[in-house]
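Structure first, commentary second.
Derivation of every value follows stated rules applied to the coordinates shown; laboratory data play no part. This one's a predicted model, so the numbers in the text were calculated from it and none came from an experiment.
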Amino acid sequence: MIRTSSAASASSSLASKLLSKCRSLAAVKQLHAHLLLLHSAHRHRAFPYNHFLSKLLSLFASSSSTITHSAAAADYVLLLPASHPAPTAFSYNVAIRFFASSRPCTSLRLFLLMLRSALRPDSYTLPFLLLAAARYSAPSLAHCAHALLKKIGLKNHDHTVHSLITMYSYLDDPSAARREFDGIT
């Protein structure tokens, strides 16, 4: 088991180094395809897909990256959770986070895909869902997100409480933001 863990760590480190050298979206796609093929050829080795996905999205979001936050890069990001061999909440979370500010409608669609894949949203999913709902300027959608947060028992989680206050502030509803603030224990 230790050997698998060290192999996963080594491949994660190598993938991160190679990813940082990519200077075009085509190079990123080529690396991604190569890593998927390598993983499928060596199923006994755990490929750290979540780490790769997180690094990839960080690269796309970075203002210093030569790979811009273009429409083509954004469209590619949409394909990433679907290409994950076994998608997890984490893989959806990083994609939802990626689009929450720039393309909130896309974040909301990714959230629906996450639910359809029978993955449960967690305390990292919902803050970005709330941000996307607020940025989309759809109060009814934001209220639905708030209700979901209550339903799954994350209303008092630190990340989500702050996000609720932010969401209601974006929606220009200071009384709701104040209620959430006053409810902090």
Item to check | Length-normalised contact order of the stretch 87-185 in % [C-alpha pairs under 8 Å, at least 6 apart] | outcome: 23
Item to check | Integer Hz, Karplus 6.51/-1.76/1.60 couplings in order for the stretch 113-128, x for Gly and Pro | outcome: 4, 4, 5, 5, 8, 6, 8, 8, x, 10, 5, 9, 6, 5, x, 6
Item to check | Proximal lysines to K55, defined as alpha-carbon separation beneath 29 angstrom and excluding residues fewer than eight positions away on the same chain | outcome: K17, K21, K29
